[in-house]
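Here is the structure we will look at.
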Amino acid sequence: MIRVGVLIIVLILSGCMAATKGTKLDRIPLIPTSVFNPLGATVYSPNEKGWFLIKSNAVSTIFSRKYGSPLNTAVAATILYKVDGNLNDNEFITYSKKKLNELGDENNIKIINTNSDVVTHKGTTCLRYNSLSEDHRVIDVLPDKFLYLKVVGYVCRHPFSRNLALRMELSNRSIKTSFEKGLMEIAESFNKNIDFRPNALKRGRGIFASLIPKKVADKDKSGKVHYGYKVASSEYLKISSGNTTFRDPEDLITYLSRQSSEVQDNGIWIMTNHPDAYYIREKESIEKLKKLAQEKYYPIFFVRGADMPYGWQGPSTFSLLSDNDIKYQRVYEEAKKILSGKQALEKFEDYYKKRKHKAFVESEDGPWRYVSGKASRKLAIENALKGCNARNINAGNEHPCKIINVNNEWFSK
């Protein structure tokens, strides 16, 4: 049984790597670390731009890319296959070693050298290996010549089922005996990121939610659109809260904890809009949600709506926060101490991104106003105060509108 599984993956990889024979590698372009869930594992595409999805089904996931020439290709792949469940771990390793050494003769690949050792990887017994071979399958393109095939990977007994094994590897075929620059690091990351699962994670059996931006909800005049994590209905969600839009990540985690074990095992799947659609505190809520889910060991994945369906990412690679957002976080903390109202705090974020000349003013009683793009600093201040005072009629002189910020600098007399 091991023999069948090992041969299958070599044949798959050989077929994918034979670009010189007319195989088209460029199938479906991927965002780095996109998430896939074949049976028994969670697999992330390589953390590098330029990779494509070649195959994704219940037992195998295969990615590929070219490095300039069609004669320089890389393939990252996983395959789940059946093994003899009666074999102990030592017998499993011995048999796997034997089959690795036999593969060359059966696939027109001449093995130059193979190295392997036994390791514990992801909590299970694995054979870690690397090899260098001559690939003679390109004789129709390179008569009397060959390409070098370099492979690094693992064959692991599945920790949740002794009659299953998972092979994960990255290979590079080119005229050189060494891997393409940086590819060994990609291989290490690819193999490290793979997680074993008792079964395939399914979005439809977990919690799928869209993060509705407050800016969108504010524009809705019907009052039917609410901002926050809007959970999609599903037959698997046996417990309903009545309100399935949650603003606080803790409430969403609590909602998941009250669901069946199957729903909890399949985790949370969040779809977002473009980052510019959100205020900073909404972006920060994503970071809080990631932390809470990981503390509870709940699987969690994210995708931009524009990147559906192949752009799912794990918590380590997804964030709505840009470098400018991270810089603004310090300003935001100051603004929370200075500004009186929540609405003013939200609008201050919009103001902060506007061009000069601009000014932000607010009354302690609530009214606020900002203007931007004015001809001078003085004109911006005058216009902002005029607009705020027009809204501040009831406050009178008790809570006058005050200058808060001018051209992104806190105002002080």
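Tabulated data
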item	result
Entirely in the range 303-413, the strands (runs of 3 or more DSSP E) that have 3 or more residues that are free of Cβ contacts under 8 Å to residues at least 40 places away in the same chain	368-371
Residue in the range 340-349 that is surrounded by 20 or more Cβ atoms within 10 Å (Cβ to Cβ), closer than 29 Å to LEU211 by Cα, outside the structural domain of GLU250 (by TED's automatic domain parsing) and not aromatic (Phe, Trp, Tyr) present	yes
Which numbered condition LYS230 fails, given (1) part of a strand (DSSP E or B); (2) surrounded by fewer than 19 Cβ atoms within 10 Å (Cβ to Cβ); (3) touching a residue at least 60 places away in the same chain (Cβ under 8 Å)	(3)
Selection from the range 164-176 of residues that are small (Gly, Ala, Ser) and either outside the structural domain of LYS122 (by TED's automatic domain parsing) or buried (at least 23 other Cβ atoms within 10 Å of the Cβ) (or both)	ALA165, SER171
Any hit, the range 356-368, residues being at pLDDT 90 or above, farther than 16 Å from CYS388 by Cα, surrounded by 18 or more Cβ atoms within 10 Å (Cβ to Cβ) and touching a helix residue (DSSP H, G or I) at 6+ places or on another chain (Cβ under 9 Å)	yes
Unique residue being in contact with a Leu (Cβ under 7 Å, 6 or more places away or on another chain), of a type in the set (Val, Ile, Thr) and either assigned to a loop (DSSP other than H, G, I, E, B) or at pLDDT below 90 (or both) when the list is THR20, THR73	THR20
The range 34-62, residues that are part of a loop (DSSP other than H, G, I, E, B), closer than 21 Å to PRO315 by Cβ, at pLDDT 90 or above and not polar (S, T, N, Q)	PRO46, GLU48, LYS49, TRP51
Cross-chain or 6+ apart pairs with Cβ under 6 Å, the range 36-56 first and closer than 17 Å to ILE268 by Cα, then at pLDDT 90 or above and in a loop (DSSP other than H, G, I, E, B)	ALA41/ILE194; VAL43/ILE194; TYR44/THR33
Residues (modelled with pLDDT of 90 or more and either over 30 Å from ARG137 (Cβ atoms) or part of a loop (DSSP other than H, G, I, E, B) (or both)) located in the range 84-107	ASN90, GLU91
Single unsatisfied condition, ILE300 versus (1) assigned by TED's automatic domain parsing to the domain that holds ILE404; (2) in contact with a helix residue (DSSP H, G or I) (Cβ under 6 Å, 6 or more places away or on another chain); (3) of a type outside the set (Phe, Trp, Tyr)	(1)
Inter-residue pairs, beta-carbon under 9 Å, first modelled with pLDDT under 85 and in the range 108-121, second in a strand (DSSP E or B), 6+ apart	ASN108/ASP135; ILE109/SER133; ILE109/GLU134; ILE109/ASP135; ILE109/LEU149
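Yes/no matrix, rows are residues, columns are (1) in a strand (DSSP E or B); (2) surrounded by 21 or more Cβ atoms within 10 Å (Cβ to Cβ); (3) at pLDDT 90 or above; (4) under 26 Å from the mean Cα position of the chain (by Cα):
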site: VAL141; (1), (2), (3), (4): no, no, no, no
site: LYS150; (1), (2), (3), (4): yes, yes, yes, no
site: VAL155; (1), (2), (3), (4): yes, yes, yes, yes
site: ARG162; (1), (2), (3), (4): no, no, no, no
site: GLU180; (1), (2), (3), (4): no, no, yes, yes
site: PHE190; (1), (2), (3), (4): no, yes, yes, yes
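Here's the yes/no breakdown for (1) outside any helix (DSSP H, G or I); (2) under 17 Å from the mean Cα position of the chain (by Cα):
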residue	(1), (2)
LYS238	yes, no
GLU250	no, no
ILE253	no, no
LEU256	no, no
ILE270	yes, yes
ASP276	no, no
LYS290	no, yes
PHE301	yes, yes
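The values are calculated or read from the model by the stated rules, or taken from the named source; none is laboratory data. As the structure is a computational prediction, the values presented were derived from the model and not from experiment. Neighbour counts run over all protein chains shown; Cβ positions are idealised from the backbone, glycine included.
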